[in-house]
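The values are calculated or read from the model by the stated rules, or taken from the named source; none is laboratory data. The model shown is predicted, which means the values in this text are computed figures rather than measured ones. We place every Cβ from the backbone using ideal geometry, glycine too, and count neighbours over all the protein chains shown. Protein only, heavy atoms only, side chains kept; ligands, DNA and RNA dropped before computing areas. Shrake-Rupley method; radii C 1.70, N 1.55, O 1.52, S 1.80 Å.
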Amino acid sequence: MVEEFRANGGRVGGQFGDTPLLLLTTTGARSGEARTWPLTYIRDGDVLVVAAANGGRAALPGWYHNLRADPRGTVEVGTEVFTVLAAEAAGAERARLWAAFGAARPIIAELQGRTERTIPLITLTRRTG
């Protein structure tokens, strides 16, 4: 999917053809190697928000662990590439973003029902300079 995204200016076909996707590249917490993940997202002003849903599995996704170890990453949206700083949304901010994410991507609310853990929401803020 990563190759298809890059080859088609940020678009993919199949079941994700109508889903807004970004590519998030993190540094592996144990390996130190670059890892790239396709993720659905929403925008909150200039901030991108992703959900660590992992398909509703009990375990958190690898990219989440990577960002906990090093919150810096690279994002590709369409043909644009930029660096970001990640932070986990909490409290009232998380509640507001969860409502927005659920409205835009109902599948995330469905995935929350498949797991006992709370799905973290991660904000990706563009780094400047």
Exercise. Roughly how many Å² of Thr79 are accessible to a 1.4 Å probe, to the nearest 10?
Worked result: 120 Å²
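Going by average Cβ density within 10 Å per residue, which order do the peptides 89-98, 41-50 take, highest to lowest?
41-50, 89-98
How much area per residue is accessible in the chain when the probe is 1.4 Å and only protein heavy atoms are counted (Å²)?
Values: 7190 Å² over 129 residues.
Each residue of the chain exposes 56 Å² on average to a 1.4 Å probe.
Counting only protein heavy atoms and a 1.4 Å probe, tell me what percentage of the range 4-96's accessible area is made up of carbon and sulfur. All intermediate terms of the calculation are to be shown ahead of the outcome.
On the way: 2430 of 5080 Å².
Carbon and sulfur atoms account for 48 percent of the accessible area of the range 4-96.
Tell me, in nm to one decimal, what length is gained between Arg30 and Phe82 on full extension, where the rule is 0.36 nm per residue of separation less the Cα-Cα distance? Could the numbers behind the result be given before it?
Working: separation 52, 0.36 × 52 = 18.72 nm, distance 2.36 nm.
Working it through step by step, the gained length comes to 16.4 nm.
Please report, largest first and rounded to whole Å, the three semi-axes of the ellipsoid equivalent to the range 30-74, where each semi-axis is the square root of five times an eigenvalue of the C-alpha gyration tensor.
19, 15, 9
What is the packing order of peptides 103-111, 69-77, 8-16, taking the mean over residues of other C-beta atoms within 10 Å and listing the highest first?
Working: 103-111: 14.7, 69-77: 16.8, 8-16: 12.0.
Averaged packing, sorted descending, gives the order 69-77, 103-111, 8-16.
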